[in-house]
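Visitor: Before I ask anything, let me first share the structure, which is written out below as structure tokens.
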Amino acid sequence: MQRFPTWVEVNLDTLNENLEVIRRAIAPDVEILLTIKADAYGHGAVQVAQTSDERVDWFGVATLDEAFELRKAEISKRILILSPVLEKEIPSAVDNDIAVTVSSRDFALAVSDYANRYHRSAEVHIEVDTGMGRTGFLPDEAETLVLDVAGLPGVRVGGLFTHFPESDTDPGFTRDQTRHFARLVRRVRAAGLDVPLIHSANSAAISAVPESHLQLVRPGLVAYGHQSGGLTTALTVRPVMSWKSRLVQVRRVPKGRTISYGRTFTTARDTVMGVVPVGYGHGYPFRLSNRGEMIVAGKRVPVLGRVTMDMTMVDLTGIAPAPKPGDEVVLMGEARGETVSVDELARWAGSISYEILCGISKRVPRIYLRGGKIEAFKTLLGVIPNHIGA
């Protein structure tokens, strides 16, 4: 990794191990939809899909272009766009056998109109809002609307699903949602509609609310080795990603000097300061100014002053042996028994782990590891197989 000043390491073996943990936590006949929206939470959607293809049944994305990225990479696995798409995107989704979410009757009519006109069979998954308060049919109208959608020409209802807003913090509310959803499913089936896939469980619910597994689970954050909201569960997973950099300068700064933009930090003593080539332009949050910590030589070192677009300063005073340019810095991950977790970064930044992971810029190269070796690099220039060495 000497050729990159700042980089992310993605351990593909760990990803597969986490998926095996999830598989063991559910019944053998329950399918898995791996959520890989937002570039697989910053890990790299294509690489994650190629690695996990044999271990999952579906991939879940948020936009049509995310689905096309997978198709362009010759990923043939079934894809569900979990978020609503625009009506003008319906033809592209239907023609490429990409399942779309229906959360309004007007959208369902538009899908039917296109599919019927061009003799297509459009797969849809109908969303029911049991408490998320975002999109989907409301429970008091859902039964009628679900049956209406199922009766539309050209439309094939492949799934019926709901989403949990608090499965990581309020399992009781989630169980209430599960019961309401189950009653709806029973009524729909009693009316003669046999929906192939009923699904609801996200990462936290897979562990916290087993009755929500139904016929398909939708792991996201837990597949990448993190617990939603810091929830401690029985799923023993490990982080797939670590974020690293290198010192580009080490200098002595006398007592009383100010550091970085805004002069928000003044040295209280003679200080050994390190400059790390990472900043908010890489996705390292500005709110970690005077607040964050990194790891150098197995020791935590505090951020000094404001995080800038391309550089962040840290206090190396007292670190032995004396740090020098080129030494490794861990922004997120483990080094010599010390760890900075994504949850810590999120807490310091007043954010959530999802935002930290998704926010790591594409200017930060991804290094893909398998079997302890570098398999490929992903940079702004594209994916580069590791045939030229690190």
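The values are calculated or read from the model by the stated rules, or taken from the named source; none is laboratory data. All of these numbers come straight from a predicted model, not from anything done at the bench. Glycine also receives a Cβ, built like all others from the backbone with ideal geometry; neighbour counts cover every protein chain displayed.
Visitor: So if I check each of R156, R183, which one is assigned by TED's automatic domain parsing to the domain that holds S112, closer than 28 Å to Y118 by Cα and surrounded by fewer than 23 Cβ atoms within 10 Å (Cβ to Cβ)? Quick ask: steps written out before the conclusion?
Guide: Numbers: R183 fails: closer than 28 Å to Y118 by Cα.
Within the list R156, R183, the selection yields R156.
Visitor: Here's something else I'd like to know. Could you tell me which of the residues D129, D176 is charged (D, E, K, R) and within 25 Å of R78 (Cα to Cα)? Quick ask: steps written out before the conclusion?
Guide: Details: D176 fails: within 25 Å of R78 (Cα to Cα).
Of D129, D176, the one residue that is charged (D, E, K, R) and within 25 Å of R78 (Cα to Cα) is D129.
Visitor: One residue is enough: does the range 150-161 have a residue meeting the conditions within 19 Å of V100 (Cα to Cα), of a type in the set (F, W, Y) and either modelled with pLDDT of 95 or more or more than 23 Å from the chain's Cα centre (by Cα) (or both)?
Guide: Taking the range 150-161 and keeping what is within 19 Å of V100 (Cα to Cα), we get 150-161.
Restricting the remaining residues to those that are of a type in the set (F, W, Y) gives 161.
Of the ones still in play, those that are also either modelled with pLDDT of 95 or more or more than 23 Å from the chain's Cα centre (by Cα) (or both) are 161.
Yes; the residues of the range 150-161 include at least one that is within 19 Å of V100 (Cα to Cα), of a type in the set (F, W, Y) and either modelled with pLDDT of 95 or more or more than 23 Å from the chain's Cα centre (by Cα) (or both).
Visitor: I would also like to ask the following. Being surrounded by fewer than 23 Cβ atoms within 10 Å (Cβ to Cβ) and in contact with a strand residue (DSSP E or B) (Cβ under 7 Å, 6 or more places away or on another chain) is true for just one of S92, S83, S104. Which residue is that? Explain how you work it out, then say what you get.
Guide: On the way: S92 fails: in contact with a strand residue (DSSP E or B) (Cβ under 7 Å, 6 or more places away or on another chain); S104 fails: in contact with a strand residue (DSSP E or B) (Cβ under 7 Å, 6 or more places away or on another chain).
Of the residues listed, the single one that is surrounded by fewer than 23 Cβ atoms within 10 Å (Cβ to Cβ) and in contact with a strand residue (DSSP E or B) (Cβ under 7 Å, 6 or more places away or on another chain) is S83.
Visitor: In the range 52-71, is there at least one residue being surrounded by fewer than 17 Cβ atoms within 10 Å (Cβ to Cβ), modelled with pLDDT of 95 or more and basic (K, R)?
Guide: Looking for residues that are surrounded by fewer than 17 Cβ atoms within 10 Å (Cβ to Cβ), modelled with pLDDT of 95 or more and basic (K, R), one finds at least one in the range 52-71, hence yes.
Visitor: Just name the residue that is farthest from the chain's Cα centre (by Cα) out of those in the range 293-341 that are of a type in the set (D, E) and in a strand (DSSP E or B).
Guide: Looking at the filtered set, the residue picked out is D315.
Visitor: For the range 325-341, does any single residue satisfy the condition of being of a type outside the set (A, V, I, L, M), free of Cβ contacts under 8 Å to residues at least 60 places away in the same chain, at positive phi and buried (at least 20 other Cβ atoms within 10 Å of the Cβ)? Step through it out loud before you land on a result.
Guide: Taking the range 325-341 first, the residues of a type outside the set (A, V, I, L, M) are 325-328, 333-334, 336-339, 341.
Narrowing further to those that are free of Cβ contacts under 8 Å to residues at least 60 places away in the same chain: 336-339.
Filter once more, so that each one left must be at positive phi: 336-337.
Now narrow it down to the ones that are buried (at least 20 other Cβ atoms within 10 Å of the Cβ): none.
There is no residue in the range 325-341 that is of a type outside the set (A, V, I, L, M), free of Cβ contacts under 8 Å to residues at least 60 places away in the same chain, at positive phi and buried (at least 20 other Cβ atoms within 10 Å of the Cβ).
Visitor: Only residues that are in contact with a Ser or Thr (Cβ under 6 Å, 6 or more places away or on another chain) and touching a residue at least 60 places away in the same chain (Cβ under 8 Å): list them for the range 242-258, please.
Guide: The answer is S245, and nothing else.
Visitor: I've got another one for you. Which residues, taken from the range 355-375, are surrounded by 19 or more Cβ atoms within 10 Å (Cβ to Cβ) and either under 16 Å from the mean Cα position of the chain (by Cα) or more than 28 Å from E293 (Cβ to Cβ) (or both)?
Guide: I356, L357, I360, R366
Visitor: Of the residues that make up the range 17-26, is at least one hydrophobic (A, V, I, L, M, F, W, C), crowded, with 17+ Cβ neighbours inside 10 Å, not in a helix (DSSP H, G or I) and not assigned by TED's automatic domain parsing to the domain that holds E334? So that I can check it myself, show each step before the final result.
Guide: First pass over the range 17-26, keeping only residues hydrophobic (A, V, I, L, M, F, W, C): 19, 21-22, 25-26.
Filter again for crowded, with 17+ Cβ neighbours inside 10 Å, leaving 19, 21-22, 25-26.
This time we only want the ones that are not in a helix (DSSP H, G or I), so: 26.
With not assigned by TED's automatic domain parsing to the domain that holds E334 added as a condition, the list becomes 26.
Yes: one or more hits.
Visitor: Would you check which residues across the range 71-122 are among the aromatic types (F, W, Y) and outside any helix (DSSP H, G or I) and list them? Don't jump to the end; show me each part of the working.
Guide: Going through the range 71-122, the residues among the aromatic types (F, W, Y) turn out to be 107, 114, 118.
Of everything in the range 71-122, just one residue is among the aromatic types (F, W, Y) and outside any helix (DSSP H, G or I), namely Y118.
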